Amino acid sequence: MNAEPARAPSHEPPLRKAALGPQDVIIDKRADGCLLLRSPQKLGRYPAKITERLVHWAKETPDAVLFAQRDKSGQWRKVTYAQALQKARAIGQALLDRNLSAERPIAILSGNDIEHALLGLGALYAGIPYAPISPAYSLVSSDLGRLRSIIELITPGLVFAADGTAFARALETVVPANVGIVVSRNPSARATRFEDLTATPTAAIDAAHDAVGPDTIAKFLFTSGSTGVPKCVINTQRMWCANQVMLRQALAFMAEELPVIVDWAPWHHTAGGNHDVGLALFNGGTFYIDDGKPMPVAIEETVRNLREIAPTWYFNVPKGFEALLPYLRDDAALREKFFSRVKMLWFAGAALAQHVFEEIQALAVQACGERILFSTGFGSTETAPFALARTWPTDNATNMGLPGAGLELKLVPNEGKLEARVRGPNITPGYWRQPDYTANAFDEEGFYKLGDAFKFADPADPKQGLLFDGRIAENFKLATGTWVHVGPMRGQFVDQCAPYVRDAVVAGEGRDDVAVLVFPNIDACRALCPDIAIDAAPDAVVGDARVHAHFAALLEKMARSNTGSSTKICRALLMAEPPSLDKAEMTDKGSINQRAVLGNRAALVEEIYAAAPSPRVIRIKE
């Protein structure tokens, strides 16, 4: 795969037509300097519960496919809307028979599959909350610490895992003896098979469904823990339903054409489980469960699926689009299939490199002669997740757009930045059994404090949208009292050091200058010293003089354009040891916890700033 990157044509091709919400905003300026932003669109009516949409589509299009997933033979196993409703009622009855409730909810340990989807629908139909939990907490964690704390917090009455063998350690070690276990395959003596989690529906399940209302808890979702210990976010029916109407008003084409979605995003995250699954269910679409992952080799399963299924809306994280690029570049048939009917490309979860943003768009033009809107938005687990969206083309991949209908965005002056806070029907009422977290999450007017900052893309024209301006909690002051804005600095460093850096942590609080602890891309760095054995330890690579010289040159180049003490990186240290999930240095989706890394690796920070720095420290010339 050595083809040259696609280049945009000299003239601008037409943008593929897709009905979208307005690019507009109303701003109220307060005397205290706060800005209140809202959409001129009124939020439309939304259902009392998400399963109203399941019932609706089961009646209107009973034979349409809701979920599809490849089986072991590679064939698509499918569940129609009528089948999904039938299963939801039968599973819901079985859950009622087990006396489950918000006090004894369902915990789901495994990832995306049809059984997970059907169990979720059964729980929603019966009005019983369920909690999808990161599989990494069971399968990757060495001490099961996060899983144990989650189970202790929510006290489930039932735990589900797809594979009884793969999840045996977690099920045997963490799940209390009085809690039921259900698995799809390889059950232990204690477990029930998923196929047996069914009962003949009675009047009780219909009464339970009738009783589900806007304030009924639909799910417990856990934050990624990128700024601390994961919190248990209450997700109500109102949040999810209102959020889907907000999305439908922003992405109006969803109402015109039944969506086809090919998606891998994990359902224990709000983006995958609420946003993406919701788009299919709410709008009568089909959700193809993609077992690929946004990384080398694993992306090939995604490519296989996209060769067969042309999506109408496509989501991926930046690393996923980056991994997909060479396949789209080199395979004309894949490229033409992928871009044949997609109305919008959507990225989220992290910043997208500008060169990836531009080449994906150039490949779309190459494939179909049209530009495809390549967009993004902003939200959190607490916002269900949609809050902001960009519904217009832009040259800047970092533009997050404007507030959706029904949401109020308050921008509060804070240490030279505008801190974002939100209020609306899609905002969580709080954290389950964590009253201190809930009390600290909202301001005196009931706005949820996101902890993030924004700035206007064009201060003279607010309709041009908002740019992400870092997390307030990560910022710190140098010894001079000058603020260092960590988010933009870290993003710029990683982008300008690509492909040699996977991520970095910014240090320097109370110091004279800024430094970075670097998680290098070992394979890319190895290419700088080709005589090193392919199986050489990472320490040998990151300690090589040629790698240090390359990073020194990169630091010097950046220092020439960032001359201020708060924007110039003066020192770096490359770390061979990757971030640890157990030590909370990274989340299960790969986000770095800045404070945890700095705390766990405080000795490295001292090494960087020692009066006589070690040979491992890379410094710019004074």
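The stretch 448-549 holds strands (runs of 3 or more DSSP E) entirely within its bounds, and those carrying 1 or more residues that are outside the structural domain of P579 (by TED's automatic domain parsing) and either more than 23 Å from I618 (Cα to Cα) or of a type in the set (S, T, Y) (or both) map to 448-456, 466-471. Contact map, the stretch 500-514: residues that are free of Cβ contacts under 8 Å to residues at least 60 places away in the same chain paired with residues that are among the polar types (S, T, N, Q) and crowded, with 22+ Cβ neighbours inside 10 Å, Cβ distance under 8 Å, separation 6+ or inter-chain. No pairs are found.
Close contacts from the stretch 541-563, counting a first residue that is touching a residue at least 12 places away in the same chain (Cβ under 8 Å) and a second that is of a type in the set (S, T, N, Q) and surrounded by fewer than 18 Cβ atoms within 10 Å (Cβ to Cβ), with Cβ to Cβ under 6 Å and a gap of 6+ residues or different chains, come to M558/Q496.
What are the residues in the stretch 88-114 that are hydroxyl-bearing (S, T, Y) and either under 18 Å from I50 (Cα atoms) or out of contact with any Phe, Trp or Tyr (no Cβ under 7 Å at 6 or more places or on another chain) (or both), if any? So that I can check it myself, show each step before the final result.
Residues of the stretch 88-114 hydroxyl-bearing (S, T, Y): 101, 110.
Passing the criteria: only S101.
No other residue among R595, R619 is closer than 21 Å to R502 by Cα and at pLDDT 85 or above apart from R619. Among the residues of the stretch 79-96, is there at least one that is surrounded by fewer than 22 Cβ atoms within 10 Å (Cβ to Cβ) and at positive phi? Looking through the stretch 79-96, none of the residues is surrounded by fewer than 22 Cβ atoms within 10 Å (Cβ to Cβ) and at positive phi.
Close Cβ contacts (under 6 Å, 6 or more residues apart or on different chains) running from residues in the stretch 195-212 that are in the same structural domain as R89 (by TED's automatic domain parsing) to residues that are surrounded by 14 or more Cβ atoms within 10 Å (Cβ to Cβ) and polar (S, T, N, Q) comprise A199/Q93; P201/Q93; I205/Q93. Applying the condition of being surrounded by fewer than 19 Cβ atoms within 10 Å (Cβ to Cβ) and of a type outside the set (D, E, K, R) to the stretch 285-324 and asking which residue is nearest to G349 (Cα to Cα) yields M295. Check whether at least one residue in the stretch 64-84 is under 30 Å from P230 (Cα atoms) and in a helix (DSSP H, G or I), and report yes or no. Checked the stretch 64-84: no residue is under 30 Å from P230 (Cα atoms) and in a helix (DSSP H, G or I).
W392 is checked against (1) buried (at least 22 other Cβ atoms within 10 Å of the Cβ); (2) part of a loop (DSSP other than H, G, I, E, B); (3) among the aromatic types (F, W, Y) and fails just one. What number does that condition carry? Going through (1) buried (at least 22 other Cβ atoms within 10 Å of the Cβ); (2) part of a loop (DSSP other than H, G, I, E, B); (3) among the aromatic types (F, W, Y) one by one, W392 breaks only (1).
Test D330 against the criterion of being surrounded by fewer than 20 Cβ atoms within 10 Å (Cβ to Cβ), within 19 Å of the chain's Cα centre (by Cα) and farther than 27 Å from N399 by Cα, and give yes or no. Against the criterion (surrounded by fewer than 20 Cβ atoms within 10 Å (Cβ to Cβ), within 19 Å of the chain's Cα centre (by Cα) and farther than 27 Å from N399 by Cα), D330 does not qualify. May I ask you to list the residues in the stretch 48-70 that are of a type in the set (K, R) and either without any contact (Cβ under 8 Å) to a residue 24 or more places away in the chain or in contact with a Pro (Cβ under 9 Å, 6 or more places away or on another chain) (or both)? Correct list: K49, R53, K59. If you check A204, A199, A191 for being buried (at least 17 other Cβ atoms within 10 Å of the Cβ) and in contact with a helix residue (DSSP H, G or I) (Cβ under 7 Å, 6 or more places away or on another chain), only one passes: A199.
The residues in the stretch 608-618 that are surrounded by 15 or more Cβ atoms within 10 Å (Cβ to Cβ) and within 14 Å of G543 (Cβ to Cβ) can be counted, and the count is 3.
In the stretch 413-434, of all residues being more than 24 Å from L221 (Cα to Cα) and in a loop (DSSP other than H, G, I, E, B), the one that is modelled with the lowest pLDDT corresponds to E415.
The values are calculated or read from the model by the stated rules, or taken from the named source; none is laboratory data. Since the model is a prediction, treat every value here as computed from it, not as a measurement. A quick note on method: Cβ atoms are made from the backbone with ideal geometry, for glycine too, and the neighbour counts reach across all protein chains shown.
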